[in-house]
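Here is the structure we will look at, set down as structure tokens.
Nothing in this text is a laboratory measurement; each read-out follows from the coordinates by a stated rule. Since we're looking at a predicted model, the values are computed, not measured. Cβ placement follows ideal geometry from the backbone for every residue including glycine, while neighbour counts extend to all protein chains displayed.
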Amino acid sequence: MVVALNSANHVLDTIPNAYQTALAQYDRAVRYLDLDENVIEYMRWPRREFSVNFPVKRDDGRVEMFTGYRVHHSTVLGPSKGGIRYSLDVTLDEVRALAMWMTWKCALVHLPYGGAKGGVLVDPKTMSQAELERLTRRYASELIPLMSPHADIPAPDMGTNAQMMAWIMDTYSMTVGYSVPAVVTGKPVNVGGSLGRNEATGRGVIICMVEALKRRGDTDPGSIRLVIQGFGNVGSHAAAYAYDLGYKILAVSDVNGGIYNPKGLDIPALRRYYAQNGALAGFPNSEPVTNAELLTLPCDVLIPAAMEGQITKNNAPRIQASMIVEGANGPTTPEADDILDERGILLVPDILANAGGVIVSYFEWVQDLQAFFWDEEEVYRQLERILLRSYDSTAHMAEQHNVNMRMAAQMSAINRVGKALMTRGIYP
Ligand code: GLU
């Protein structure tokens, strides 16, 4: 367990160790698979772990040291792919877990990628735009030996955004001497980004939710109540898309807490309010709730879209939703999974539910490599096609083996990487 630095804002004083969660999920899934035991041991390990301490000049002239990581968990199916996180909660173990989940996520939805993740221990809210630019460029230049469109392709994650991806692309391009948009995804559209990339993760979460609801006969959006933890890139776009489709969003939160209206929140007005005020608190016709209270509010679908380790054995018994769709990576611990399972709560796991982001990252990379760009309709059509195909194969696996959706998703993904590893063989 690690002690959370800004523990007042967290559901728990301690965040369960994400890497222990990732390994426990792995160990559970491989029991069902017919894979060589050497291959099982191989895939348990991250391929490379890079850690760097680097200086950044603050606006007042002081030089401060920062620590960053980049972990490549696997490159079996292709170049490693995954976001970069800026947060004070970053640890090497967290980055290892997130890198491993990227491997399974890409494999599950059939992208030709391995998995990676990066992180810098920094609270981006405490830095000016110029300081963020210097930090991002220096971290990017430290990563250059690892990065390339054919080796490792970063993207945004918690605390990072499209502008930072543009700085990474520019730093790399200036170093090699020509523009290489395909080295990073999640860029602004005017420097080779893809239409729809910003919205993709949140939209994908809702595509999976709609499919899960449809499969149990719930086809009237107006009768379904959602609660969303997190109002960043994933939570806010999930809320916006769900609202457009007619679903009722009763509560949302950010790191400082949440707001609740049992009759439903006006999400377009809330997004304007949030952009203006930088806070959810005080939004008209809503009452405050803590992040802990939010998770156990009465609703039909709970969407954890903040960070890992939020649903644990302590709160899982009190969750009132009948369905959980994981927008965040690793929001549920294995003990909580068991409790939710026993209680008959359907969980659509992270590596499926939030794969929309990396799917559209893949489209962006393909568009950059081909220098041929798609319209938004095409992006959304292909996104939905891949997600629904993956949902269907996961549901099929779950039924066939009589396991839950997390287990089924992990099993298909691990099996795919394991089989590829066996075909490639062990070098030398
Ligand atoms: N950070 C996102 C994720 O966790 C996107 C990664 C990517 O697009 O490479 O899936």
(request) Indicate, rounded to the nearest 5 percent, the antiparallel portion of the DSSP beta bridges found entirely in the chain. (result) 50 percent
(request) Could you grab the relative contact order for the chain? Cα pairs under 8 Å, six or more apart, rounded to a whole percent. (result) 17 percent
(request) Calculate one ³J(HN,Hα) per residue across the range 211-224 by plugging θ = phi - 60° into the Karplus curve 6.51 cos²θ - 1.76 cosθ + 1.60, and present them in order as whole Hz with x for glycine and proline. (result) 5, 5, 5, 4, 5, 9, x, 8, 10, 9, x, x, 9, 10
(message) Just to confirm my numbers, what's the Cα centroid distance between the range 193-266 and the range 274-302 in Å?
(response) 13 Å
(message) With +1 assigned to the C-beta of every Lys and Arg and -1 to the C-beta of every Asp and Glu, and no other charges, what is the dipole magnitude of the chain about the Cα centre in debye, to the nearest 20?
(response) 400 debye
(message) How large is the convex hull of the C-alpha atoms of the range 158-302 per residue, in Å³?
(response) 121 Å³
(message) At 0.36 nm per residue, and after removing the present C-alpha to C-alpha distance, how many nm does the segment from ASP392 to PHE372 gain when stretched out fully?
(response) 4.2 nm
(message) Just to check I understand the Karplus step: with θ = phi - 60° and J = 6.51 cos²θ - 1.76 cosθ + 1.60, what whole-Hz values come out for the range 159-170, glycine and proline as x?
(response) x, 10, 8, 4, 4, 5, 5, 5, 5, 5, 4, 5
(message) Need the full-extension length gain, GLN276 to ARG31, defined as separation in residues times 0.36 nm minus the C-alpha distance. One decimal, nm.
(response) 83.1 nm
(request) Provide the packing ranking of 166-172, 110-116, i.e. peptides ordered by the mean count of other C-beta atoms within 10 Å per residue, highest first. (result) 110-116, 166-172
(request) Mind putting a number on the dipole of the range 202-278 about its Cα centre? Charges go on the C-beta only, +1 for Lys and Arg and -1 for Asp and Glu, and I need it in Debye to the nearest 20. (result) 80 debye
(message) Take GLU64 and GLN163, extend 7 Å from each Cα along the Cα→Cβ direction, and tell me the distance between the two endpoints in nm.
(response) 1.7 nm
(request) Choose one of ALA420, ALA281, ASN314: the residue whose Cα lies farthest towards the positive end of the charge dipole of the range 277-428 (beta-carbon charges +1 Lys, Arg; -1 Asp, Glu; about the Cα centre). (result) ALA420
(message) For the chain, set up a GNM with springs between Cα atoms under 10 Å and report which of ARG225, ARG58, ARG216 has the largest fluctuation.
(response) ARG216
(request) Go through the range 334-349 residue by residue and turn each phi into a ³J(HN,Hα) via Karplus (6.51, -1.76, 1.60, θ = phi - 60°); whole Hz please, and just put x for glycine and proline. (result) x, 5, 5, 3, 4, 5, 5, 4, 4, 7, x, 8, 7, 10, 9, x
(request) For the chain, take the alpha-carbon Rg, divide it by the Kirkwood Rh, and send me Rg/Rh. (result) 0.94
(request) Give me the number: length gained by fully extending GLU399 to ASP244, i.e. 0.36 nm times residue separation minus the C-alpha to C-alpha distance, one decimal in nm. (result) 52.6 nm
(request) Rank PRO288, PRO298, PRO268 by mean-square fluctuation in a GNM of the chain with C-alpha springs under 10 angstrom and give only the top-ranked residue. (result) PRO268
(request) For ARG225, enumerate residues with amide H under 5 Å from its amide H, sequence gap 5+ or separate chain, H modeled in the peptide plane. (result) ASP300, VAL301
(message) Using a Gaussian network model on the chain with a 10 Å cutoff between Cα atoms, which of MET65, MET158, MET127 fluctuates the most?
(response) MET65
(request) Under 24 Å Cα to Cα from LYS57, which lysines show up? Leave out anything in the same chain fewer than 8 places away. (result) LYS125
(request) Using just the alpha carbons, could you tell me how many Å³ per residue the convex hull of the range 253-311 encloses? (result) 92 Å³
(request) Estimate the FRET efficiency between ASN190 and ALA151 by the formula 1/(1 + (r/R0)^6), using the beta-carbon distance for r and 22 Å for R0, to the nearest 0.05. (result) 0.30
(message) Could you tell me the extents of the range 17-119's C-alpha atoms along the three principal axes, largest first, rounded to whole Å?
(response) 59, 27, 21
(request) Hey, can you grab everything whose amide H is under 5 Å from the amide H of VAL348? Only 5+ residues off in sequence or another chain; H modelled, so Pro and N-termini drop out. (result) ILE324, VAL325, GLU326
